[in-house]
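Working notes for the structure below.
The values are calculated or read from the model by the stated rules, or taken from the named source; none is laboratory data. The structure displayed is predicted, hence computed values, not measured ones. For neighbour counting, all protein chains shown are included, and Cβ atoms are generated from backbone atoms with ideal geometry for every residue, glycine included. Ligands, DNA and RNA are excluded from the accessible area calculation, which covers all protein heavy atoms including side chains. Shrake-Rupley method; radii C 1.70, N 1.55, O 1.52, S 1.80 Å.
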Amino acid sequence: MADLLMFIILFCLIMLGLWAFLDFCFSIKSFIRGGCGKSAYYVPSSSKAKEDMLNEARRILKSTSRPMKVVDLGSGTGSLLLPLAYEFPTHRFVGYEWDPILIKISRYKAKNLQNIIFEQKNYMLENLSSFDLFLCFVLKSQGESVGLKLSNEMKSSAICISEKFELQHLKEIKRIFSRTWLQPFKIFIYTKK
């Protein structure tokens, strides 16, 4: 029995190590594809944090009687916008992503939806003043520049939901602690100052 327990523990440690190694390799590949730091590289949201972000976005979208325009800054494969677009067909959804492979994946997933588009663009070069709700998971190093851009361009009634890293130049109105088995994540809800 002790040998079986040791085998299971060893197997689990090996699998965890393999998972960590593959995650590390994927991060390095994404970093290189992102120009070695020139562009943000793709980091998928943890499932718990993603679900908490979606729940907050759902709460906001349900609270309004008028159609809202929602943008995901760095939309990746569309894992935040697609569920919302299916649930809220009267709202409009836009995903900005620089990576052409992720854009193709997103567009394929959204092919049957009329209320969502994914654009291969650098959101830092786009005018964001028409959006009502912002979703983002930006790198810590981008918190200053993204926060400044949003503070200059977002409507006074707009709301921003940011995963993990704080954005400067905006007014934090709520903080959600999203517990995952690996690490705690924070989700920040902002308005314009």
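Surrounded by 15 or more Cβ atoms within 10 Å (Cβ to Cβ), of a type in the set (A, V, I, L, M, F, W, C) and closer than 22 Å to residue 193 by Cβ: is that true of residue 161 in this structure? The answer is yes for residue 161.
Of a type in the set (Asp, Glu) and open to solvent by 10 Å² or more (accessible area, probe 1.4 Å): is that true of residue 172 in this structure? Answer is yes for this residue.
Are any of the residues in segment 1-14 on the phi < 0 side of the Ramachandran plot, at pLDDT below 75 and surrounded by 10 or more Cβ atoms within 10 Å (Cβ to Cβ)? Checked against the condition, which is being on the phi < 0 side of the Ramachandran plot, at pLDDT below 75 and surrounded by 10 or more Cβ atoms within 10 Å (Cβ to Cβ), segment 1-14 yields at least one hit.
For segment 121-137, the set of residues classified as open to solvent by 40 Å² or more (accessible area, probe 1.4 Å) and modelled with pLDDT of 95 or more consists of 126, 127, 129, 130, listed by residue number. The conditions of being assigned to a helix (DSSP H, G or I), touching a residue at least 12 places away in the same chain (Cβ under 8 Å), open to solvent by less than 90 Å² (accessible area, probe 1.4 Å) and more than 21 Å from residue 77 (Cα to Cα) are not met by residue 178. Is it the case that some residue within segment 89-106 is modelled with pLDDT under 90, among the hydroxyl-bearing types (Ser, Thr, Tyr) and assigned to a loop (DSSP other than H, G, I, E, B)? No, there is no match, as no residue in segment 89-106 is modelled with pLDDT under 90, among the hydroxyl-bearing types (Ser, Thr, Tyr) and assigned to a loop (DSSP other than H, G, I, E, B).
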